[in-house]
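The values are calculated or read from the model by the stated rules, or taken from the named source; none is laboratory data. The shown structure was predicted, so the numbers you read here are calculated from the model rather than taken from an experiment. Here the Cβ is made from the backbone with ideal geometry for all residues, glycine too, and neighbour counts use every protein chain on show.
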């Protein structure tokens with residue numbers, strides 16, 4: 001695409017400028033964003049590879065040039081430390097090695113050995129001597145094999161890392177002794193935990209929690225996407241589950257409509273829900289953003305009274321737990337709810353409006369309703385945020401623009417809006433992605449209703465207001481419990497969110513030119 | 001002279017015109033804001049009114065009860081509701097305490113220390129945050145079931161899960177710590193304070209607003225959590241929190257008898273939380289605006 005110089009750009013008419021920017025965004029900015037992302041991933045792996053190669057080289061050279069204490073430490077971790085008088089470190093290293101070896105012999109070997117097959121022996125009827133009859137006996141548990149297998153791999157990585165640290169310690173200690181200085185004692189080590197190495201102390205607990213309760217489950221669920229783990233293969237009581245390669249991805253992304261009498265393919269259903277998810281995220285983010293800003297500007301306007309009162313009333317929606325307010329509002333709009341009752345009493349309608357059940361125009365009414373009700377939920381947050389930012393806009397900008405003859409609208413488009421967008425750019429991005437995963441609002445308001453008959457025939461119950469995230473939830477809780485497909489959807493959601501974030505983050509002005517407004 | 005008068009008059013008129021338009025626009029805005037306030041308050045007024053309705057328990061098409069009474073509240077306390085309330089309260093208090101400590105550790109470290117893994121760690125957590133949390137619930141549920149922390153024992157299980165991953169939500173308080181000048185730390189270090197002493201003696205006393213903000217948000221979250229709590233309690237009433245228990249009341253088979261009780265329960269849950277929130281509103285607003293500005 002042709003790139004204009006700055007002068008040429010300024011000479012274009014308003015429409016040309018707009019089209020120029022528009023075309024540029026799709027032809028240059030987005031490909032660049034993707035390109036940069038791919039390069040960043042490439043660089044990461046290159047760095048990782050070089051780092052590992054360097055470490056390996058260092059391990060070998062340390063062994064060749066090290067003294068006998070160091071050499072023994074390659075087998076007996078912590079030996080060098082103890083021999084050189086760093087008892088505390090040495091004992092810790094040694095204990096860790098002991099625990100690791102014991103774990104691997106007692107349990108780890110079994111889990112690791114089973115990991116490639118995810119269990120060999122499923123539940124079977126066997127003869128029981130005590131009861132003198134055939135009873136079902138359970139054997140391998142695929143779920144546990146996968147979980148503890150992953151855990152064992154984590155443990156092995158941790159062991160390799162510790163082993164490497166142990167060797168490095170020896171090398172450093174040798175160096176210190178050669179230069180004639182004193183080694184750190186156990187007391188020094190303990191003291192450094194509240195001083196120089198205080199960050200390690202502080203991070204120990206939070207990071208352990210994140211690794212065990214976030215990283216491990218995520219890796220597990222990614223792996224599940226490559227198995228046939230579902231209600232009929234639950235891994236223990238009915239059938240074991242096994243690795244199936246890319247089958248689940250093929251299922252979700254296939255346009256095949258024939259099998260099982262389904263009328264709509266998974267790919268079409270997925271595409272439909274993804275489209276609605278994006279539409280929802282767009283409207284949910286921007287209606288809230290602009291209306292919230294508008295309300296904030298009204299409240300902050302000079303000469304408005306009860307500023308605090310208005311603000312407090314709005315903030316009440318944040319203070320009250322969402323499950324109360326959303327569930328109640330959802331029932332207000334139900335067939336026999338208050339809204340229909342009042343409208344009937346007023347004589348405006350004869351028959352109750354089916355806000356949540358009407359499937360006309362792909363459930364348009366319900367879709368509009370969730371967006372409108374989401375405004376009710378979202379405006380207070382935006383009002384608070386916008387108030388804080390609006391107060392920071394230098395007032396002299398407004399005064400000087402007034403002298404130059406700018407009206408209220410011009411002031412808004414030329415000062416307020418650019419300033420707001422500049423400051424809240426990253427916030428807009430995160431709120432867009434979190435709206436894509438906004439489970440609460442959709443699930444509590446509609447539960448996904450109205451039912452999308454065509455899509456439901458393909459996969460459980462799908463509604464017109466279902467987002468990918470609520471669909472994922474439904475898939476895992478239904479009778480079929482298709483955890484494997486849910487994992488695939490989860491991975492695809494992750495990819496969508498990551499790509500959007502990567503591209504938008506690259507073009508955000510507040511990231512590119514941080515100094516503009518400062 | 002004549003001319004001068006007209007000029008003055010014109011200016012005067014324009015001035016009056018401006019004032020008039022401003023007065024009109026302010027009136028319009030006042031009216032708009034009042035309408036908005038009413039719209040925002042309506043659900044809360046309705047729910048309160050309906051909680052006092054005793055002639056029947058179904059959802060109905062009118063607002064003002066025909067017969068008033070507190071039967072719904074009495075029934076509420078005869079049901080499992082007090083148990084759910086207690087469960088939620090325990091979870092909320094314990095989570096608020098531990099989560100605050102974890103978040104502060106995390107955010108303070110990432111704000112103040114410059115270590116080799118800092119940037120990669122932050123980037124890693126950013127990527128982790130992009131995975132839909134819904135996915136991990138299935139496995140967390142199975143793990144909790146394995147160690148016996150589900151159903152009747154759901155409370156410790158819920159606390160464990162809420163607290164464990166809370167380190168990921170460090171952004172707002174890191175933004176706050178970033179605004180405390182580093183020269184304070186350095187001065188204390190020169191005077192011989194250790195890193196730990198810098199945190200406890202210098203930084204923490206300055207961090208009251210962010211500590212309160214973190215406690216408040218951590219305390220509020222369990223009251224609204226619905227999905228995971230439902231997984232963990234799994235149909236066992238004694239392990240439910242208010243959200244799960246009361247959600248069941250609005251099922252199709254229960255709504256005709258429990259709807260007004262839901263309203264009463266909603267009022268009972270909302271009042272203390274809302275009062276607490278309103279009292280600490282200032283800190284919440286600071287946290288929210290600060291968080292958005294820093295991204």
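Condition check for residue A:343 on (1) more than 8 Å from chain B (Cβ to nearest Cβ); (2) in a helix (DSSP H, G or I); (3) in contact (Cβ under 8 Å) with a residue 12 or more places away in the chain; (4) farther than 22 Å from residue B:33 by Cα: one failure, at (3).
Each row is one residue, and each column tells you yes or no for (1) touching a strand residue (DSSP E or B) at 6+ places or on another chain (Cβ under 9 Å); (2) within 25 Å of residue B:160 (Cβ to Cβ); (3) modelled with pLDDT under 85; (4) within 8 Å of another protein chain (Cβ to nearest Cβ).
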position	(1), (2), (3), (4)
B:39	no, no, no, yes
B:58	no, no, yes, yes
B:61	no, no, yes, yes
B:73	no, no, no, no
B:110	no, yes, no, no
B:125	no, yes, no, yes
B:134	no, yes, yes, yes
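I'd like the residue in region B:86-102 that is more than 14 Å from the chain's Cα centre (by Cα) and surrounded by fewer than 22 Cβ atoms within 10 Å (Cβ to Cβ) and, out of all such residues, is nearest to residue B:173 (Cα to Cα). If we take residues in region B:86-102 being more than 14 Å from the chain's Cα centre (by Cα) and surrounded by fewer than 22 Cβ atoms within 10 Å (Cβ to Cβ), then B:101 is nearest to residue B:173 (Cα to Cα). Which of the residues that make up region B:140-155 are touching a residue at least 12 places away in the same chain (Cβ under 8 Å) and within 12 Å of chain A (Cβ to nearest Cβ)? Hits for region B:140-155 are B:140, B:141, B:144.
To keep it simple, each residue is scored yes or no on (1) modelled with pLDDT under 90; (2) within 11 Å of chain B (Cβ to nearest Cβ); (3) within 25 Å of residue A:154 (Cα to Cα); (4) outside any helix (DSSP H, G or I).
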position: A:183; (1), (2), (3), (4): yes, no, no, yes
position: A:195; (1), (2), (3), (4): yes, yes, no, yes
position: A:199; (1), (2), (3), (4): yes, yes, yes, no
position: A:203; (1), (2), (3), (4): yes, yes, yes, no
position: A:214; (1), (2), (3), (4): yes, yes, yes, no
position: A:219; (1), (2), (3), (4): no, yes, yes, no
position: A:223; (1), (2), (3), (4): no, yes, yes, no
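For residue A:162, the conditions (1) under 30 Å from residue B:118 (Cβ atoms); (2) not in a helix (DSSP H, G or I) are fulfilled apart from (2). Has region B:236-248 got at least one residue that is at pLDDT below 85, part of a loop (DSSP other than H, G, I, E, B), farther than 24 Å from residue B:92 by Cα and more than 16 Å from the chain's Cα centre (by Cα)? No, every residue in region B:236-248 fails to be at pLDDT below 85, part of a loop (DSSP other than H, G, I, E, B), farther than 24 Å from residue B:92 by Cα and more than 16 Å from the chain's Cα centre (by Cα). Would you mind stating whether residue B:126 is in contact (Cβ under 8 Å) with a residue 60 or more places away in the chain, assigned to a helix (DSSP H, G or I) and within 17 Å of residue A:206 (Cα to Cα)? For residue B:126, the condition - in contact (Cβ under 8 Å) with a residue 60 or more places away in the chain, assigned to a helix (DSSP H, G or I) and within 17 Å of residue A:206 (Cα to Cα) - is not met. Summed over region A:128-153, the residues that are out of contact with any strand residue (DSSP E or B) (no Cβ under 6 Å at 6 or more places or on another chain) and outside any helix (DSSP H, G or I) give a count of 9. Of the residues that make up region A:386-407, is at least one within 13 Å of chain B (Cβ to nearest Cβ), surrounded by 15 or more Cβ atoms within 10 Å (Cβ to Cβ), within 40 Å of the chain's Cα centre (by Cα) and free of Cβ contacts under 8 Å to residues at least 12 places away in the same chain? Among the residues of region A:386-407, at least one is within 13 Å of chain B (Cβ to nearest Cβ), surrounded by 15 or more Cβ atoms within 10 Å (Cβ to Cβ), within 40 Å of the chain's Cα centre (by Cα) and free of Cβ contacts under 8 Å to residues at least 12 places away in the same chain, which makes the answer yes.
For region B:231-288, filtering for residues that are touching a strand residue (DSSP E or B) at 6+ places or on another chain (Cβ under 7 Å) and within 8 Å of another protein chain (Cβ to nearest Cβ) leaves 0.
Of the residues B:207, B:183, B:194, the single one that is within 30 Å of residue A:195 (Cβ to Cβ) and within 8 Å of another protein chain (Cβ to nearest Cβ) is B:194. Scanning region B:217-229 for residues that are more than 9 Å from every other protein chain (Cβ to nearest Cβ), touching a helix residue (DSSP H, G or I) at 6+ places or on another chain (Cβ under 6 Å) and surrounded by fewer than 24 Cβ atoms within 10 Å (Cβ to Cβ) yields B:219, B:228.
Would you mind stating whether residue A:416 is modelled with pLDDT of 85 or more and touching a helix residue (DSSP H, G or I) at 6+ places or on another chain (Cβ under 8 Å)?
no
Residue A:305 passes every criterion in (1) within 8 Å of chain B (Cβ to nearest Cβ); (2) outside any helix (DSSP H, G or I); (3) under 25 Å from residue A:462 (Cα atoms) apart from (3). Can you confirm whether region A:55-72 contains a residue that is closer than 30 Å to residue B:120 by Cβ, within 29 Å of the chain's Cα centre (by Cα), in a helix (DSSP H, G or I) and free of Cβ contacts under 8 Å to residues at least 24 places away in the same chain? Among the residues of region A:55-72, not one is closer than 30 Å to residue B:120 by Cβ, within 29 Å of the chain's Cα centre (by Cα), in a helix (DSSP H, G or I) and free of Cβ contacts under 8 Å to residues at least 24 places away in the same chain, which makes the answer no. For residue A:190, the criteria (1) within 36 Å of the chain's Cα centre (by Cα); (2) more than 20 Å from residue A:219 (Cβ to Cβ); (3) within 14 Å of chain B (Cβ to nearest Cβ) hold in every case but one, which is (1). Could you tell me whether region A:111-124 includes any residue that is without any contact (Cβ under 8 Å) to a residue 60 or more places away in the chain, exposed (fewer than 12 other Cβ atoms within 10 Å of the Cβ), under 43 Å from the mean Cα position of the chain (by Cα) and under 30 Å from residue A:185 (Cα atoms)? Within region A:111-124 (the criterion being without any contact (Cβ under 8 Å) to a residue 60 or more places away in the chain, exposed (fewer than 12 other Cβ atoms within 10 Å of the Cβ), under 43 Å from the mean Cα position of the chain (by Cα) and under 30 Å from residue A:185 (Cα atoms)), the answer is no, since none of the residues qualifies. The set of residues from region B:180-232 being without any contact (Cβ under 8 Å) to a residue 12 or more places away in the chain and part of a loop (DSSP other than H, G, I, E, B) comprises B:181, B:191, B:192, B:193, B:194. All conditions in (1) assigned to a helix (DSSP H, G or I); (2) surrounded by fewer than 16 Cβ atoms within 10 Å (Cβ to Cβ) hold for residue B:66, with the sole exception of (1).
Scan region B:172-190 for residues that are surrounded by fewer than 19 Cβ atoms within 10 Å (Cβ to Cβ) and touching a helix residue (DSSP H, G or I) at 6+ places or on another chain (Cβ under 7 Å) and the total you get is 6.
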